[in-house]
Amino acid sequence: MECAGFDERFLSAISLSSSLSAQLPVGARAILSRSCDATNHVYLETLSRLSIHPIFSSTILACYETLFPELVARWPTFATTAQIAAGFGRILPVVPYLVDIAEYLLQSQLEERKSLAVVLGLSDGVTHEEVCSLPVELALESLLSLHRLLCFRRDTFLPLVDTTNLYHLLHHPHRAVRYIAIRVLCIYLKAADAAQEEMFEKYGVGRCSEKVLGPWEGREVDYGFLM
């Protein structure tokens, strides 16, 4: 497939944002602008790495949608399970036809390790203290990915849920982590809104109308609004 037109469209879109342009790796820019020779394998891997990046994924999808299934299929060759889950959490609402690939790639990670521990990058048998000491950014990104996947298709991604680790996360010191853990657990349990409100109160999150601030992609956001 001739992709020069796609490359030109992507580079043009990136140039409209100084922040995006500044963060595009030099090597990737050289390959996509055809200023250096690259094999087909290197070209596709470059696009694949950009497609899972939270900053570039939407632009790559818009410019290379016909190539996107091929790019997604390459994710396991370089990305962690947490990154793969986050990637699918971002794109499935836009490209729902990739759900079968998402299910296959994520379920394959469960053959050797279990559910949420995989998404969080934890080993099996972790302690309550280890789960509660997870870095805030990692816990939030992983739980948000899981929440998005469950909202998209609950029954498909339910095997990713590990209630033991979720209950541990209800005691995480960061309020936003507890908030999303409750949201995920309520989807798993099919809990009513009243039961969710009671859990917010019990675990010190507050009411739904209150802001739940936390880091997201380099800035602080209200997770109640984001979700």
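Considering only residues of segment 161-181 that are among the β-branched types (Val, Ile, Thr) and within 18 Å of the chain's Cα centre (by Cα), which is farthest from Glu220 (Cα to Cα)?
Val161
Given the residues Ala181, Ala195, Ala191, which is the only one that is in a helix (DSSP H, G or I), surrounded by fewer than 17 Cβ atoms within 10 Å (Cβ to Cβ) and modelled with pLDDT of 90 or more?
Just a single option satisfies the conditions, and that option is Ala195.
Filter segment 145-168 down to the residues that are without any contact (Cβ under 8 Å) to a residue 40 or more places away in the chain and closer than 30 Å to Ile101 by Cβ, then identify the one that is least open to solvent (accessible area, probe 1.4 Å).
Leu150
With (1) among the small types (Gly, Ala, Ser); (2) open to solvent by 40 Å² or more (accessible area, probe 1.4 Å); (3) farther than 27 Å from Pro96 by Cα; (4) at pLDDT below 85 as the list, and Ser133 as the residue in question, which single condition is left unmet?
(4)
Search segment 169-222 for residues being among the acidic types (Asp, Glu) and free of Cβ contacts under 8 Å to residues at least 12 places away in the same chain, and hand back the single one that is farthest from Phe152 (Cα to Cα).
We begin by selecting, within segment 169-222, every residue among the acidic types (Asp, Glu); these are 193, 197-198, 201, 210, 217, 220, 222.
Right, trim to free of Cβ contacts under 8 Å to residues at least 12 places away in the same chain and you get 193, 197-198, 201, 220, 222.
Working: Asp193: 19, Glu197: 22, Glu198: 25, Glu201: 27, Glu220: 25, Asp222: 21 Å.
Ranking the candidates gives Glu201 first.
Just checking, which of Ala86, Ala102 is in contact (Cβ under 8 Å) with a residue 40 or more places away in the chain and either touching an Asp or Glu at 6+ places or on another chain (Cβ under 8 Å) or open to solvent by 40 Å² or more (accessible area, probe 1.4 Å) (or both)?
It is Ala86.
Does segment 44-66 hold any residues that are farther than 25 Å from Gly218 by Cα, out of contact with any Asp or Glu (no Cβ under 8 Å at 6 or more places or on another chain) and open to solvent by less than 20 Å² (accessible area, probe 1.4 Å), and which are they?
Correct list: Tyr64 only.
On the basis of being under 20 Å from the mean Cα position of the chain (by Cα), modelled with pLDDT of 90 or more and either under 21 Å from Arg148 (Cβ atoms) or not in a loop (DSSP other than H, G, I, E, B) (or both), does Leu110 make the cut?
In short, no.
The rows are residues; the columns are (1) of a type in the set (Lys, Arg); (2) in contact with a Cys (Cβ under 8 Å, 6 or more places away or on another chain); (3) at pLDDT below 90.
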| site | (1), (2), (3) |
| --- | --- |
| Phe10 | no, yes, no |
| Ser15 | no, no, no |
| Ser18 | no, no, yes |
| Cys36 | no, no, yes |
| Glu45 | no, no, no |
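The values are calculated or read from the model by the stated rules, or taken from the named source; none is laboratory data. Note that the structure is predicted; figures quoted are calculated from it, not measured. FYI the Cβ positions are ideal-geometry reconstructions off the backbone, even for glycines, and counts take in every protein chain you see. Accessible surface areas use protein heavy atoms only, side chains included; no ligands, DNA or RNA. Shrake-Rupley method; radii C 1.70, N 1.55, O 1.52, S 1.80 Å.
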